């Protein structure tokens, strides 16, 4: 890795602390790339015809064309499988690192090449935006529900769903430093608040999960686990539970499979001992029982999506702070 990479990421995180960003994580990914690309001239980015939506093109990037063969940005066209296959070939050639963007739901088109990258241990990066029902009006055909769980199942594939700009930077750092397999960055369309207030050299997201907010006033009675845009909901639910006299902690889980891969002591420390455990993710439950147990509560999806403004869609499916509080109170009082 370039010697300057870790310093560039740390400087970027410190800048975010100094000037917090309420942005979609797809935009946060672009901000991270603006910090990374100057120290990584070997990084070749691209998109499957969704450049303005995926935010994979930095300001200084030049398109790769017959007339500009030194360009570092490839416009692959509407061909996710072909893009992923080409990135495998570029990576196998050597001398380059590659990343390409599309909507998360279109991972199904890219899956054969993604599986080969995982099988061969190629460090390709997939920037997959519009990561949930949070994309709203594009409707259920474009709203991923089962895709994140299915990608988490793939051996040697790492999946990150960051909650804010700092976690997005840390996810990019992991993806670049990981040279033994591919990484998916599942990124939001909707704006998200910056929840992290620290910017140390430690990549907290690389452990898969960490305590974002401790319980106030004593030992936690409820642990709330969430990824991506739902971490904001967990933080709001914690506040509502506190008003009811229930102590709750929030654990951000940017990479579920990395959390589950930690040694037993580390994993147990992150998961904690609160008697009530609730996971919140705008996707299917599959995989979360490794954290909350089969008797834990899950606030998420059990069907395909719906078309409408994203806040209304979240209300329609009951993925709200109030729903989290209801689930917590039933178990706490039961």
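For segment 100-142, name all the residues that are crowded, with 22+ Cβ neighbours inside 10 Å, over 18 Å from the mean Cα position of the chain (by Cα) and outside any helix (DSSP H, G or I).
Matches in segment 100-142: 122 only.
Across segment 193-209, what is the total count of residues that are surrounded by 17 or more Cβ atoms within 10 Å (Cβ to Cβ) and either over 13 Å from the mean Cα position of the chain (by Cα) or under 15 Å from residue 323 (Cα atoms) (or both)? Before the answer, list the steps.
Just the residues of segment 193-209 that are surrounded by 17 or more Cβ atoms within 10 Å (Cβ to Cβ), to begin with: 194-196, 199, 203-209.
Next cut, either over 13 Å from the mean Cα position of the chain (by Cα) or under 15 Å from residue 323 (Cα atoms) (or both) only: 194-196, 199, 203-204, 207.
So the count comes out to 7.
Could you please give the count of residues in segment 51-72 that are touching a helix residue (DSSP H, G or I) at 6+ places or on another chain (Cβ under 8 Å) and under 20 Å from residue 185 (Cβ atoms)? Break it down into steps so the answer makes sense when it comes.
Keep residues of segment 51-72 that are touching a helix residue (DSSP H, G or I) at 6+ places or on another chain (Cβ under 8 Å), which gives 53-61, 72.
When the remaining residues are screened for being under 20 Å from residue 185 (Cβ atoms), the result is 53-59, 61, 72.
Matching residues across segment 51-72 total 9.
Restricting the search to segment 231-248, which residues are closer than 24 Å to residue 259 by Cα and either in the same structural domain as residue 129 (by TED's automatic domain parsing) or part of a helix (DSSP H, G or I) (or both)? Write out each step before concluding.
As a first pass, look at segment 231-248 and keep what is closer than 24 Å to residue 259 by Cα: 231-238, 247-248.
Selection gives 231, 232, 233, 234, 235, 236, 237, 238.
Hey, among 173, 190, 221, which residue is surrounded by 16 or more Cβ atoms within 10 Å (Cβ to Cβ) and under 24 Å from residue 315 (Cβ atoms)?
Every option except 190 fails the conditions.
Quick one: which of 308, 290 is in the same structural domain as residue 215 (by TED's automatic domain parsing), at pLDDT 95 or above and part of a loop (DSSP other than H, G, I, E, B)?
Numbers: 290 fails: part of a loop (DSSP other than H, G, I, E, B).
None of the others qualify; the one that does is 308.
Yes/no matrix, rows are residues, columns are (1) in contact (Cβ under 8 Å) with a residue 60 or more places away in the chain; (2) over 19 Å from residue 46 (Cα atoms):
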| residue | (1), (2) |
| --- | --- |
| 138 | yes, yes |
| 141 | no, yes |
| 144 | yes, yes |
| 182 | yes, no |
| 224 | yes, yes |
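Check off (1) in contact (Cβ under 8 Å) with a residue 12 or more places away in the chain; (2) surrounded by fewer than 20 Cβ atoms within 10 Å (Cβ to Cβ); (3) under 23 Å from the mean Cα position of the chain (by Cα) for residue 52 and give me the number that stays unchecked.
(1)
Search segment 249-259 for residues being within 13 Å of the chain's Cα centre (by Cα) and in a helix (DSSP H, G or I), and hand back the single one that is nearest to residue 327 (Cα to Cα). Let's see the steps before the verdict.
Pass one, segment 249-259, residues within 13 Å of the chain's Cα centre (by Cα): 252-258.
From the residues that got through so far, the ones that are in a helix (DSSP H, G or I) too are 256-258.
On the way: 256: 21, 257: 24, 258: 26 Å.
The selected residue is 256.
In this structure, is residue 179 part of a loop (DSSP other than H, G, I, E, B), surrounded by fewer than 18 Cβ atoms within 10 Å (Cβ to Cβ) and in the same structural domain as residue 133 (by TED's automatic domain parsing)? Before the answer, list the steps.
Details: part of a loop (DSSP other than H, G, I, E, B): yes; surrounded by fewer than 18 Cβ atoms within 10 Å (Cβ to Cβ): yes; in the same structural domain as residue 133 (by TED's automatic domain parsing): yes.
Here the answer is yes, as residue 179 does meet what is asked.
Mind checking whether some residue in segment 249-263 is in contact with a strand residue (DSSP E or B) (Cβ under 7 Å, 6 or more places away or on another chain) and free of Cβ contacts under 8 Å to residues at least 40 places away in the same chain? Please lay out each step first, then the result.
If we filter segment 249-263 for residues that are in contact with a strand residue (DSSP E or B) (Cβ under 7 Å, 6 or more places away or on another chain), which is where we start, we get 249-255, 257-258.
This time we only want the ones that are free of Cβ contacts under 8 Å to residues at least 40 places away in the same chain, so: 249-250.
For segment 249-263, residues in contact with a strand residue (DSSP E or B) (Cβ under 7 Å, 6 or more places away or on another chain) and free of Cβ contacts under 8 Å to residues at least 40 places away in the same chain: present.
Just to be sure, is residue 228 surrounded by 19 or more Cβ atoms within 10 Å (Cβ to Cβ) and either outside the structural domain of residue 35 (by TED's automatic domain parsing) or assigned to a helix (DSSP H, G or I) (or both)? Outline the logic, then answer.
On the way: surrounded by 19 or more Cβ atoms within 10 Å (Cβ to Cβ): yes; either outside the structural domain of residue 35 (by TED's automatic domain parsing) or assigned to a helix (DSSP H, G or I) (or both): yes.
For residue 228, the condition - surrounded by 19 or more Cβ atoms within 10 Å (Cβ to Cβ) and either outside the structural domain of residue 35 (by TED's automatic domain parsing) or assigned to a helix (DSSP H, G or I) (or both) - is met.
Name the single residue that is nearest to the chain's Cα centre (by Cα) among those in segment 286-310 being in contact (Cβ under 8 Å) with a residue 60 or more places away in the chain and surrounded by fewer than 17 Cβ atoms within 10 Å (Cβ to Cβ).
Here the answer is 286.
The values are calculated or read from the model by the stated rules, or taken from the named source; none is laboratory data. All values derive from a computational prediction rather than experimental measurement. Please note: Cβ atoms are built from the backbone with ideal geometry, for glycine as well, and neighbour counts cover all protein chains shown.
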